[in-house]
């Protein structure tokens with residue numbers, strides 16, 4: 001081994017010697033040519049001589065920033081001269097870290113909406129010789145500067161240079177530099193321009209610099225605001241296609257970050273929180289260890305209030321969280337949006353603060369001519385003139401610490417239509433206020449307040465908590481006393497919309513959630529100061545103690561969004577029993593459907609068409625489909641119950657056998673036996689010439705394919721392997737489904753058109769399981785481990801199921817006298833033969 005290494009080194013040295021000799025020879029020849037050339041320079045007349053460019057470095061300040069310049073003082077002094085823009089960067093700002101938050105200020109039709117954020121960058125301005133480099137900084141990998149390993153971390157994470165600038169002059173006081181930034185905002189710098197996905201979608205080819213320009217750059221004590229118009233040539237622009245152009249007005253806010261980052265608070269998955277992860281190579285661990293820490297606002301106790309706080313008195317924070325209402329907001333909705341913000345004050349009181357979160361009207365031009373909703377110093381509820389039925393609540397945070405710097409809630413005008421549809425379909429059976437296509441202003445205002453509270457929760461750091469709605473017993477949601485005290489879910493951050501469980505006759509029952517006990521607990525957990533702790537690690541015993549105090553109470557459980565196998569963390573559900581809750585929901589839909597024509601008509605508009613009737617009928621089908629989905633998730637379900645190692649309890653628990661069997665029985669009864677009550681002839685005859693059968697088929701087949709899903713069957717198989725006879729086996733599942741879907745085989749009864757369609761879908765799904773593998777795609781892998789279909793029990797059991805159906809169908813053909821049913825069964829028999837023997 002040593003001999004081999006020595007030979008390698010010697011060969012390397014020989015190569016280096018040969019290369020060095022070649023370089024030396026080439027250099028010698030070059031020197032000879034150079035001296036020869038310099039000895040006989042070509043004759044050239046003075047009229048043809050070209051002046052040499054000066055490379056003398058920075059010029060005097062007065063030559064660059066002349067008296068003609070328009071100047072503004074702020075974080076950076078900004079100078080404008082003949083359409084060119086200059087930053088005068090103080091010496092103390094070089095090397096400081098800043099956030100650049102880029103938003104679309106105004107846009108073309110089809111490319112988002114004014115106020116939507118496109119990118120956030122952590123940057124630093126570094127001076128190197130006569131240049132200033134704008135670097136993009138990352139804290140994904142880190143180590144304390146005092147540790148030797150920090151050198152290796154820096155060597156492996158070279159920071160990209162977004163732009164390089166020549167130093168035009170030293171600052172006026174010689175303590176800083178002057179650079180020209182015109183090209184940063186007028187040339188195509190993708191990171192602060194049109195996002196990549198838009199460029200790809202609309203086939204952008206280039207930036208048209210002749211139609212792009214800087215509108216203005218403003219500077220403030222803590223930030224610099226740049227407004228610039230960008231025009232792109234595009235092959236497929238979303239609007240004004242004949243021009244082949246897209247024009248957007250962008251705004252970039254560059255915000256100075258605190259010199260001393262806020263102390264982190266370490267995340268714990270038992271409490272839901274938006275968090276960020278870093279790999280800290282400086283930790284005393286024998287592996288690269290990731291740390292997650294919360295995104296949260298910097299709420300601090302004033303030093304003079306420490307003793308009050310320790311005594312348990314509420315104190316005002318040094319700096320409260322303030323949301324402004326966009327001046328574009330219709331005036332009648334402003335009070336409700338503001339109330340949605342201040343609904344969270346009670347949660348912050350549990351964290352020890354009063355007046356911690358405040359809503360304000362935006363100042364008028366007379367009050368503050370420089371105020372702008374794009375200014376990253378201000379958090380704003382932005383109102384978009386859009387037909388999108390949505391609202392969203394993002395935030396911008398310091399990657400070093402998780403400190404939330406600002407947030408702009410996006411509020412689309414048409415979210416009101418979404419709220420109308422939900423409230424109508426989920427509560428109209430018990431709530432006269434929801435029986436119509438236009439609600440009273442107070443009713444819509446209260447719905448707006450509900451969504452405002454939800455979105456504000458996101459801006460505070462809270463994600464969706466889909467376990468919340470499962471905490472309350474179903475029948476408790478029919479109680480006026482219970483819902484008055486606890487609302488309809490412990491968290492407004494769940495997708496638990498409105499109370500579809502309450503039945504006609506249940507008087508004074510609450511119909512919507514509020515900021516609830518889980519929300520108050522999680523805000524306390526994330527924001528309550530622990531004054532004696534000086535490091536994140538010193539906080540952990542106290543944080544764990546707060547969790548353990550609530551550990552056995554389902555009200556304080558967190559369940560993540562996107563878990564498609566846990567029956568207790570579902571979207572749009574209510575109560576702890578999906579079968580019972582869905583039964584109540586269907587009873588209410590059966591009240592609503594016969595009244596749909598009346599409740600969607602308007603006496604003062606006899607000339608209107610049936611568009612509202614069609615939309616609300618679609619909402620009935622959609623709500624019914626949700627109930628079927630809630631039930632289906634119990635089949636092959638696994639509860640995900642976050643625990644720590646100290647609790648010594650399992651995290652993943654399979655749904656019990658009885659619950660799974662009840663779920664299949666429910667679907668057989670309510671869905672697979674054909675919900676003919678949904679086929680309302682009076683409605684169908686007014687909304688279309690075709691499609692009613694397809695609506696029902698879509699719900700039935702979607703539920704069936706969802707049951708016979710690779711991942712679900714994999715969990716059923718694993719449950720049986722782990723829990724033996726206590727598990728709901730795949731054989732039992734297939735038997736129960738067959739009994740529900742092919743009921744007519746034993747009786748010889750006629751098979752209606754819906755059932756014939758469903759039975760064919762069943763055969764097609766069995767064929768799919770026999771002949772396909774689980775798709776090995778990134779989307780499929782997101783939902784957990786893949787199952788090897790060919791080596792699992794799936795295909796033997798499917799083959800056995802097909803053979804059972806083959807015998808039963810063959811026997812049933814002679815029993816039925818209905819011609820359509822007989823043809824269907826004969827066709828089914830042929831299909832089964834082809835699946836079992838494709839040749």
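Some notes on this structure:
- Listed peptides 605-612, 383-390, 734-741, 627-634 appear in the order 627-634, 734-741, 383-390, 605-612 once ranked by packing, highest mean of other Cβ atoms within 10 Å at the front.
- Principal-axis tilt of helix 2-39 within the chain, Cα atoms, nearest 10 degrees: 50
- At 0.692 mPa s and 37 °C, Stokes D of the range 481-611 from Kirkwood alpha-carbon radius, µm² per second: 180
- Between 0 and 90°, nearest 10: helix 441-460 axis offset from the chain longest Cα axis: 50
- The DSSP beta bridges internal to the chain are antiparallel in roughly 80% of cases.
- For the range 722-782 versus the range 540-556, the gap between their alpha-carbon centres in whole angstrom: 42
- Size descriptors for the range 638-722: radius of gyration and Dmax over Cα atoms are 19.2, 63 Å.
- Per-selection Kirkwood Rh - the chain (Cα, Å, 1 d.p.): 32.2
- Separation of alpha-carbon centers, the range 574-611 and the range 628-693, rounded to whole Å: 20
- Cα gyration tensor shape for the range 418-465, rounded if a/c is under 1.5, else prolate or oblate: prolate
- The convex hull around the C-alpha trace of the range 474-555, projected and averaged over every direction, spans 6.4 square nanometres.
- Counting every C-alpha pair in the range 354-496, the share spaced more than 20 angstrom apart comes to 60%.
- Note: relative contact order over the chain, using C-alpha pairs below 8 Å and six or more positions apart, is 8 percent.
- In units of the rule-of-thumb radius 2.2 N^0.38 Å, the range 675-749 shows an alpha carbon radius of gyration of 1.56.
- Cα point-scatterer Debye curve for the range 173-270, base-10 log of I(q)/I(0) at q = 0.11, 0.20 Å⁻¹: -0.50, -0.98
- Helix 753-771 and the longest principal axis of the C-alpha atoms of the chain enclose an angle of approximately 50°.
- The range 205-262: radius of gyration over Cα atoms, expressed as a fraction of 2.2 N^0.38 Å: 1.57
- The Stokes-Einstein estimate for the range 563-676, based on a Kirkwood radius over Cα pairs and taken at 20 °C with 1.002 mPa s viscosity, is a diffusion coefficient of 130 µm²/s.
- Diffusion constant of the range 512-554 at 4 °C, which comes from Stokes-Einstein with the Kirkwood Cα-pair radius and 1.567 mPa s, µm²/s: 111
- For the range 324-430, the normalised intensity computed at q = 0.19, 0.24 Å⁻¹ comes to -1.13, -1.36 (log10 of I(q)/I(0), Debye sum over alpha carbons, equal scatterers, no solvent).
- Estimated distance in nm for a label pair at residue 302 and residue 553, the labels positioned 7 Å out from Cα along Cα-to-Cβ: 3.2
- Going from the fewest other Cβ atoms within 10 Å to the most, the residues 94, 678 appear in the order 94, 678.
- Take the Cβ atoms of residue 686 and residue 661, set R0 to 35 Å, and the FRET efficiency comes out at 0.30.
- Using the alpha carbons alone, the radius of gyration of the range 533-590 stands to its Kirkwood radius in an Rg to Rh ratio of 1.22.
- For the range 711-808, the Kirkwood estimate of the hydrodynamic radius, built from every pair of different alpha carbons, is 15.0 Å.
- When the P(r) is computed for the range 413-567, the part past 20 Å accounts for 56% of the Cα-Cα pairs.
- Note on residue 68 and residue 788: their simple-model spin labels are 7.8 nm apart, each label 7 Å out from Cα toward Cβ.
- By the compact-protein rule of thumb, 2.2 N^0.38 Å, the alpha-carbon radius of gyration of the range 214-359 corresponds to a ratio of 1.53.
Each reported figure results from applying straightforward, stated rules to the coordinates on display, with no laboratory input. Source: prediction; values computed, not measured. Note: ideal-geometry Cβ built from the backbone for every residue, glycine included; neighbour counts use all protein chains shown.
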